[in-house]
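Everything on this sheet refers to the single structure shown next.
The values are calculated or read from the model by the stated rules, or taken from the named source; none is laboratory data. Bear in mind the structure is a predicted one, so any value in this text is a computation, not a measurement. In this analysis, Cβ positions are derived from the backbone assuming ideal geometry, glycine residues included, and neighbour counts consider all displayed protein chains.
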Amino acid sequence: MNIVILGSSGSIGTQCLSLLKDHPEHKVIGLSVKSKIELLKEQAKEWQVPKLCVYEEALAEKLSTDLDMPVSSGMEGLIELATLPEADMVVIALVGMIGILPTISAIKAGKKIALANKETLVCAGHLIMPMLLEYRAKLFPIDSEHSAIWQCLRGEEEKSVESLLLTASGGPFFGLKKEEMEGKTKADALKHPNWSMGQKITIDSATMVNKGLEMMEAHWLFNIPMEKIQVVIQRESILHSAVVFQDGAVKGQMGVPDMRLPIAYALFQEERECYREQRIDFSKAFSLHFYPPSLEDFPGLALGMEAGAKGGSMPTVYNAANEEAVRLFLEDKIRFMEIPRSIAHCMKEHEKAWNEFPSVEEIFETEQWAREEVRRLHKEDKN
């Protein structure tokens, strides 16, 4: 199998390459990064990758000179890799809405897609899902929660499903009241209790915005209404999600909190690999703890439910406002609880301009508006 990885410098991308070391029968034919050209240089040499892309044009030119080979750049470069005729599988491990156009391009090229980019389905699920059928492309989710649900649904009839249970760790601020989170710092928010992830998704876990996004993803992936998706906190991150059937049976997927498991399940198209490094030890006593999330203390999740129920262009506003607010928080320009307040402000302001079925162009216009609105909001706050 010939594989392209878009976002090879991030957590998902590097773990994909790590997994592939044990599978010489698969070939990596394309890699992209945003700016980490030294890492890409190492990856390209190790894997003898013929096609490279660096999103930032100046850095692409530098790498091209260093390696004495063509290196593409920008969105054009990402789309070129996503549609390589010889590519069988395209891993979309890009962060943010930058992943939408390469995913659409890969679908139109009939590729198999391993998707780790939330924004693609959150903002454009109404466009993506019909395209998959039209172009006979296949999509395999990488997120641990969606992989769990996917595994639980195998062999089951869609009509027998009553609801989905989407699990959350609760993040580093589980049990705190919103007043106690006001002064939490970047260092506090980045201390995830169970998972090792990139900065943006770790902050999303702390606000529980990630669960709002994942509810919307699950809605599109599994063709189930938002109101039939329930978020439950599972502190140990052992039960990764579950399906409730109409007869009352609950089928869940358990495993240690290791992203290599869902990555491999998607990458190798439902083939189970043999991993002996980490397993649940059932010879020892252990407990699993479940809690309902507090929508009052974690308004980011409540806003996600609202945006998902509204649909149309509102999920794009939710996502883009969050991305911009998280960026400002990571730059120490706003406080932690200003992230959900920024999202709430943008969603309220967008009500009159809401679009029921936005095109790709309208999605990006809405994204730009939401980002600018967050920046304007906090600029005015300072004044």
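Numbers for the structure displayed
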| quantity | calculated |
| --- | --- |
| Subset of the stretch 62-86 (residues that are in contact with a Gly (Cβ under 7 Å, 6 or more places away or on another chain) and surrounded by fewer than 21 Cβ atoms within 10 Å (Cβ to Cβ)) | LEU84 |
| Criterion violated by LEU261 - all others in (1) exposed (fewer than 15 other Cβ atoms within 10 Å of the Cβ); (2) assigned to a helix (DSSP H, G or I) satisfied | (1) |
| Single residue of the stretch 171-197 satisfying the filter (of a type in the set (A, V, I, L, M) and not in a loop (DSSP other than H, G, I, E, B)) that is surrounded by the most Cβ atoms within 10 Å (Cβ to Cβ) | ALA189 |
| Every pair of residues 6+ apart whose Cβ atoms lie under 9 Å, when the first sits in the stretch 52-68 and is outside the structural domain of ILE37 (by TED's automatic domain parsing) while the second is of a type in the set (S, T, N, Q) and surrounded by fewer than 13 Cβ atoms within 10 Å (Cβ to Cβ) | none |
| Single condition ARG371 does not satisfy, out of (1) more than 30 Å from ARG260 (Cα to Cα); (2) at pLDDT below 95 | (2) |
| Index of the failed condition, ILE107 passing every other in (1) among the aliphatic types (A, V, I, L, M); (2) touching a Phe, Trp or Tyr at 6+ places or on another chain (Cβ under 6 Å); (3) surrounded by fewer than 17 Cβ atoms within 10 Å (Cβ to Cβ) | (3) |
| Options SER241, SER163; residue that is in contact with a Lys or Arg (Cβ under 7 Å, 6 or more places away or on another chain) and assigned to a strand (DSSP E or B) | SER163 |
| Total residues in the stretch 198-226, condition assigned to a loop (DSSP other than H, G, I, E, B) and either aromatic (Phe, Trp, Tyr) or within 20 Å of GLN151 (Cβ to Cβ) (or both) | 3 |
| VAL122 being surrounded by 14 or more Cβ atoms within 10 Å (Cβ to Cβ), of a type in the set (A, V, I, L, M), assigned to a helix (DSSP H, G or I) and out of contact with any Cys (no Cβ under 8 Å at 6 or more places or on another chain) | yes |
| Number of positions in the stretch 118-141 that are within 23 Å of ARG235 (Cα to Cα) and modelled with pLDDT of 95 or more | 1 |
| So LYS21, is it basic (Lys, Arg), touching an Asp or Glu at 6+ places or on another chain (Cβ under 7 Å) and surrounded by fewer than 20 Cβ atoms within 10 Å (Cβ to Cβ) | no |
